[in-house]
1. Of everything in the stretch 410-467, what is hydroxyl-bearing (Ser, Thr, Tyr), at pLDDT 80 or above and out of contact with any helix residue (DSSP H, G or I) (no Cβ under 6 Å at 6 or more places or on another chain)? Give them in sequence order.
2. Could you say which residue among Ala643, Ala681 is of a type in the set (Gly, Ala, Ser), out of contact with any Leu (no Cβ under 7 Å at 6 or more places or on another chain) and either farther than 25 Å from Arg583 by Cβ or not in a loop (DSSP other than H, G, I, E, B) (or both)?
3. Against the definition (buried (at least 19 other Cβ atoms within 10 Å of the Cβ), β-branched (Val, Ile, Thr) and in contact (Cβ under 8 Å) with a residue 12 or more places away in the chain), how does Val97 come out, yes or no?
4. Mind counting the residues in the stretch 233-270 that are modelled with pLDDT of 85 or more and over 27 Å from the mean Cα position of the chain (by Cα)?
5. Confirm whether Lys409 is more than 16 Å from the chain's Cα centre (by Cα), assigned to a loop (DSSP other than H, G, I, E, B) and closer than 16 Å to Lys153 by Cβ.
6. Could you please find all residues in the stretch 581-604 being under 30 Å from Lys386 (Cβ atoms) and either of a type in the set (A, V, I, L, M) or in a loop (DSSP other than H, G, I, E, B) (or both)?
7. I'd like the residue in the stretch 125-166 that is surrounded by fewer than 18 Cβ atoms within 10 Å (Cβ to Cβ) and among the acidic types (Asp, Glu) and, out of all such residues, is farthest from Phe407 (Cα to Cα).
8. Of all the residues that make up the stretch 197-244, how many are assigned to a strand (DSSP E or B) and aliphatic (A, V, I, L, M)?
Amino acid sequence: MKKIYLSVVCLLISIPLIAQLYVEPEKEVECSVFLAKEGRGRAQQGLEIWDDYIFSCEDGGHVNIYDFKSADPKPVAGFELASSHPDNHVNNVCFGVETKRGASFPLLYITNGKVGSELEWLCFVESITRRGKRFSSEIAQTIELDGSKWAEKGYVSIFGAPSWLVDRERGFIWIFSARKRTVAKVTKHAWENQYVATKFRIPSLSEGAKVRLDENDILDQVVFPYEVWFTQAGCMHDGKIYFCFGVGKQDDSRPSCIRVYDTDRRTITARYNVQEQVIYEPEDIVVKDGVMYVNTNTNAKKTSDLPCIFKLSLPKEKPVTENPLDEIRRDPERAGGVYYVTDLSHPVTPAPKGYTPFYINGYFRHGARQIDDEVTYPAIYGVLEKAHATNNLTDFGKALYERLEPFKKNVFYKEGDLTQIGYRQTREIGRRMVQNYPEVFEGRPYLKTNATNVLRVAATMQSVNSGILSLRPGLEWAEIDNSRSFLTTLNPYGNVCPDRSPLDKYILGKENSWYKKYRSYIDEKLNVDAFFTRLFIDVTQVESEYDKYDLIQPRYNMILKLDEPSFDELMPHFSEKTRYNIRLSARKGVTVHWSRSEEDLRKFYELYEITAVRDKIGHRPYDYFKRMLQAYDSSDLLRVYIAEHEGEALSGAICIHYGNKTWYIYGASSNNKRNLMPNYAMQAEMIRWAYENGSEIYDFGGVFILDKSNGLYKFKEGFCRREGATEFIGEFDKVYNPLLYLGFAKLEPMLQRLRAKAQHH
């Protein structure tokens, strides 16, 4: 029970932490003054370059225009933004992709950036007109960002003052901000904060003069570590956010620096510490022709220096080959396999020249979902909760505990359900179909949808359809058909692959080169001791109750295939001893019944407490099981089984059926009459129920050691003799001293057997 209770803490928590701790080393960059401005008006802020014009903005809304080619310090023109206002900080500016009719430049997106202002959450979209040397602008659109309900939808909330960054190359707009203010009096430690990049579509002018973006419009969100202080502004280039921080030589505790955040790889790809080169406060950055241009501002109270624009030559990068291993090293979260949240906003693949698309056939797996068991999330939180109650959490541990508390409440009773990200992913697939291939949806096309009989799959297809219908509301479509008749096409093998192919055997083989490299990578990245130290003040206190290696995903699971016509025909596949014990239990008069009554639940819980004391494992409160019983009250998906002899309850279990699988979830037994083998009788009845409900699989749960001296493995293996253990990625040993390790490897199985014998007696 202990091993199941803590099985995936490291899987779900340590990997993201590794990703956040790893950043590229600092890079050298050539820096020089590009343009020394002639005079200083108001504080210098946003910067943008278009063709031969430099648009340098001042706090309040004035724009000075310089000649890019000559880099003349004297402005060639200037104008007041239509959005000029004492509270309009003009923190950064970005040209977009759309140009208003009659305008001379693309739309200009203006970030206000002043915390606490009524303009804080607004982006002014202005259209600029040039008449000779005279420039003017008008407000073409105002975009309001509403972040009040982000957390309710599973997103990371931001404190405010967002920077609006237009990705002209891909046609999106990103909001860059942080969870908390990036000043020392608010955030003193890096673990307290995170930088958050949130992706939206760019509103079209056709949507009106005022547009509101909220949690329903979010396309993606990427969270980056908070390792530098005091945000300024930035820009988008090649799918990356270039952002500057610090205040220059005014304050060495907040040095001038630049970070490059890769939204595709979801990691920091470059770090530039430019405190010695960019000596003034960096305000905004533009990337043009492989060069970074940084607008700076000087402090009139401390220096008579005039502001200028610095030129920073980007280091020449070696061509990056498409190497999956390198990609995983940069972003360990990508090693999550099916647990990795994929960004689906890829550029369109157009039809070949001369061809017109006329038909789309999509084949999808379900969108991002919650973990499909009810144990994992409470288990993760439970470890931290107990440590919090004993004041054994570090500051980092406390921060993680506080962040998980609302998360725990949010996922209650949602095992296996689509997350909000899952709904957005799949809805966006539908929208992209229409946007990328509008020809297919012209006229009166017909939409036909089939899905498997799993709820999250049906919800996925409903979400895809909603994305399509949001852009084509009059489309004729059929209801989702999720009858079992389509399973042979949609999911022909159920949840179990057919007999392992030679390729599967090769990949899983421990002697092949791929496996060795993978194991070496895991050894390198997975540092359990370091992870414990970051979370707990007194690690020994936790280790005395939990084996730290129990925090690693169990390697083996025992799964019984119900591929014979009946239980009696399946039984010959059990071990001889298992078959004997099932018959023995029946001969000795052990009876088994099931119910969903609270009376039987209390019997089970009494046995459950006895088991916890005997096996020295943690256990859940009674209310947990009561809520579980109530949740399944009106269905025959959960049963409480009790095995008795002469009216005395000897063993109990909770068994759940869902889809094509039946799970043995919780088990417990008395210390009395163990020679009557009540557990075998109870398992036989639960497997019979699995046959009755049409299950194809009976899942015994996990085991941590494939050694028959281990009682748990011996018991489950007796039923799954034919299938053996199903192996997953589990714990790996990193050997520092081969000689000592050899001794340990020889000694440890002996200790296991002695421990098992002692417990038996």
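1. Of everything in the stretch 410-467, those that are hydroxyl-bearing (Ser, Thr, Tyr), at pLDDT 80 or above and out of contact with any helix residue (DSSP H, G or I) (no Cβ under 6 Å at 6 or more places or on another chain) turn out to be Thr419, Tyr437.
2. Numbers: Ala643 fails: out of contact with any Leu (no Cβ under 7 Å at 6 or more places or on another chain).
Among Ala643, Ala681, only Ala681 is of a type in the set (Gly, Ala, Ser), out of contact with any Leu (no Cβ under 7 Å at 6 or more places or on another chain) and either farther than 25 Å from Arg583 by Cβ or not in a loop (DSSP other than H, G, I, E, B) (or both).
3. No; evaluated as a whole, the condition is false for this residue.
4. Selection size over the stretch 233-270: 3.
5. Numbers: more than 16 Å from the chain's Cα centre (by Cα): yes; assigned to a loop (DSSP other than H, G, I, E, B): no; closer than 16 Å to Lys153 by Cβ: yes.
No, not satisfied.
6. Leu601
7. Filtering the stretch 125-166 for residues that are surrounded by fewer than 18 Cβ atoms within 10 Å (Cβ to Cβ) and among the acidic types (Asp, Glu), the one farthest from Phe407 (Cα to Cα) comes out as Glu138.
8. Within the stretch 197-244, residues that are assigned to a strand (DSSP E or B) and aliphatic (A, V, I, L, M) number 8.
The values are calculated or read from the model by the stated rules, or taken from the named source; none is laboratory data. Model, not experiment: these values are computed from the prediction. Neighbour counts run over all protein chains shown; Cβ positions are idealised from the backbone, glycine included.
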